[in-house]
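Participant: Shown below is the structure under consideration.
The values are calculated or read from the model by the stated rules, or taken from the named source; none is laboratory data. These numbers were taken from a predicted model, which means no experiment stands behind them. Cβ atoms come from the backbone with ideal geometry, glycine included; neighbour counts cover every protein chain shown. All accessible areas refer to the heavy atoms of the entire protein, side chains included, with ligands and DNA or RNA removed. Shrake-Rupley method; radii C 1.70, N 1.55, O 1.52, S 1.80 Å.
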Amino acid sequence: MSNIKIVQSNKSWIESNAIESLRKMANLKGIIKTVGLPDLHLGKTPVGASYLTRDIIYPHIIGNDIGCGISLFSTGIKRRKVKTDRLLKKLEKTEEVNVEELKNIDLPFKEKLGTIGSGNHFGELTVIDNIYDESSLGENHIDKNKVFLLIHSGSRSYGEHILRHFIENHSCEKGIEVNSPIFKEYMDEHNRAMEFATANRELIAYKMNRALGSKENKKLLDSVHNSISSKEIDGQIHYIHRKGAAPSDVGLVVVAGTRGSSSYIVRPRPNLIDFNYSISHGAGRKWSRSGCKERLENIYSKKDVRENRLSSNLIYRDLNSVYEEAPEAYKNIERVIKDMVEANMIDIVATLKPLITYKV
């Protein structure tokens, strides 16, 4: 199909079912261009993809976690003073954001604010590992000698509520015509969910920094992976649907690895119109969550999992997350990054090395 572009090299792997699902999505009315990124994989709709429309939008494409994204925050902690065991114990005592701290926030489901959620969402204590463009770090106030928090979360129950309402009451999976009353109603809710997700990441960072005793809590980078945004192209307003895809026009972007691999700070190349102004948001799943335990329980002994020997720097509540979010369940982040470099989509600025992963 002429309106589909898939970023894939001979050495990369994308499951055929994900590509077939992407092709079906490309057949929806009003889809002008569909892009599958190197981290493309199956979901309720394909994850690691972006879609361009003009006169219609499809809320079900971006799904229930509206505003999901990744933010990098400062901690002010000097890297040379880091003792991981000590920081691990501090993070284990992280307290929830209390009602009093939320009293001035006017958003639905605000009791969920400051919570990471399930799936691949996480908080991570991380440090700069390799540097490729030091000036770009400086321009964004990213100090290579400090420790950072990387937060990946979204709109929690609010996003789910919005999607369910517009499917049940407006059949939004059939599309919503731009400038119709339903379009305005949805976009108003969408934008509030974006606010929720932003506030959520900020509150997660706040409570983790508070547990660490940090003196800083400044947001340095932020990119949203699930959203519908408008952009003027050739004098006309278009709509970019990103499902597990980061925008290329917001400055530096963090492309997440796994708890066992590096994440990358990258600078998207300008004017990526051929890719719907989008880049990969992470490594992308290789295995479905439902099949991870069966694949790994013969490799990970129950005793090792129970005693946290396999993930000594992982703080978690749900034992299944040890299997579902295992590094083996994801694609090779280096391959994803290399595919984008070879496609002239990005320049690498630095890599981030995970110290502690927080999934409570």
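Participant: Identify the residue in region 75-84 that is outside any loop (DSSP other than H, G, I, E, B) and in contact (Cβ under 8 Å) with a residue 60 or more places away in the chain and, among all such residues, is least open to solvent (accessible area, probe 1.4 Å).
Facilitator: Only one residue fits best here, namely T75.
Participant: Considering (1) closer than 26 Å to R289 by Cα; (2) touching a residue at least 24 places away in the same chain (Cβ under 8 Å), say which one K24 fails and leave the rest.
Facilitator: Result: K24 fails condition (2) only.
Participant: Whether any residue in region 320-328 is assigned to a helix (DSSP H, G or I), in contact with a strand residue (DSSP E or B) (Cβ under 9 Å, 6 or more places away or on another chain) and modelled with pLDDT of 80 or more is what I want to check.
Facilitator: No, the conditions are met nowhere in region 320-328.
Participant: Next up: Could you please find all residues in region 98-119 being β-branched (V, I, T) and either modelled with pLDDT of 95 or more or open to solvent by less than 20 Å² (accessible area, probe 1.4 Å) (or both)?
Facilitator: Of everything in region 98-119, just one residue is β-branched (V, I, T) and either modelled with pLDDT of 95 or more or open to solvent by less than 20 Å² (accessible area, probe 1.4 Å) (or both), namely I116.
Participant: Here's something else I'd like to know. Quick check, is R267 outside any helix (DSSP H, G or I) and farther than 25 Å from K231 by Cβ?
Facilitator: Answer is no for this residue.
Participant: When only residues in region 336-360 that are open to solvent by less than 40 Å² (accessible area, probe 1.4 Å) and outside any strand (DSSP E or B) count, which is nearest to N209 (Cα to Cα)?
Facilitator: Taking the candidates together, the pick is V360.
Participant: Another question about this same structure. Given region 120-225, what helices (runs of 4 or more DSSP H) lie entirely inside it while holding 1 or more residues that are farther than 29 Å from I31 by Cα and open to solvent by 60 Å² or more (accessible area, probe 1.4 Å)?
Facilitator: 134-139, 181-212
Participant: Going by the conditions given, is S12 crowded, with 22+ Cβ neighbours inside 10 Å and either more than 21 Å from V255 (Cα to Cα) or not basic (K, R) (or both)?
Facilitator: no
Participant: Tell me, which residue of region 42-74 that is among the small types (G, A, S) and assigned to a strand (DSSP E or B) is nearest to V254 (Cα to Cα)?
Facilitator: S71
Participant: Still on this model: Can you name the condition, by its number, that G69 falls short on among (1) more than 25 Å from S290 (Cα to Cα); (2) of a type outside the set (S, T, Y); (3) buried (at least 23 other Cβ atoms within 10 Å of the Cβ)?
Facilitator: (1)
Participant: A further question follows. Test I61 against the stated conditions and say whether it is surrounded by fewer than 21 Cβ atoms within 10 Å (Cβ to Cβ) and of a type in the set (V, I, T).
Facilitator: When the stated conditions are applied, I61 does not pass them.
Participant: Any residue in region 40-59 that is acidic (D, E), under 14 Å from G244 (Cβ atoms) and in contact (Cβ under 8 Å) with a residue 60 or more places away in the chain?
Facilitator: No.
Participant: Which residues, taken from region 169-212, are in contact (Cβ under 8 Å) with a residue 24 or more places away in the chain and under 14 Å from Y239 (Cβ atoms)?
Facilitator: Across region 169-212, the qualifying residues are C172, G175, I176, E177, V178, F183, Y186, M187, H190.
Participant: Could you tell me which residue of region 85-97 is nearest to R317 (Cα to Cα), considering only residues that are open to solvent by 100 Å² or more (accessible area, probe 1.4 Å) and not in a helix (DSSP H, G or I)?
Facilitator: The qualifying residue nearest to R317 (Cα to Cα) is E92.
Participant: Being touching a strand residue (DSSP E or B) at 6+ places or on another chain (Cβ under 6 Å), of a type in the set (G, A, S) and open to solvent by 10 Å² or more (accessible area, probe 1.4 Å) is the filter here; which residues of region 25-51 pass it?
Facilitator: G30
Participant: Are any residues in region 282-300 part of a loop (DSSP other than H, G, I, E, B) and within 29 Å of I346 (Cβ to Cβ), and if so, which ones?
Facilitator: A283, G284, K286, W287, S288
To keep it simple, each residue is scored yes or no on (1) modelled with pLDDT of 80 or more; (2) more than 28 Å from Y206 (Cα to Cα).
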{"site": "H281", "(1), (2)": "yes, no"}
{"site": "N298", "(1), (2)": "no, yes"}
{"site": "R317", "(1), (2)": "no, no"}
{"site": "R335", "(1), (2)": "yes, yes"}
{"site": "M340", "(1), (2)": "yes, yes"}
{"site": "A350", "(1), (2)": "yes, no"}
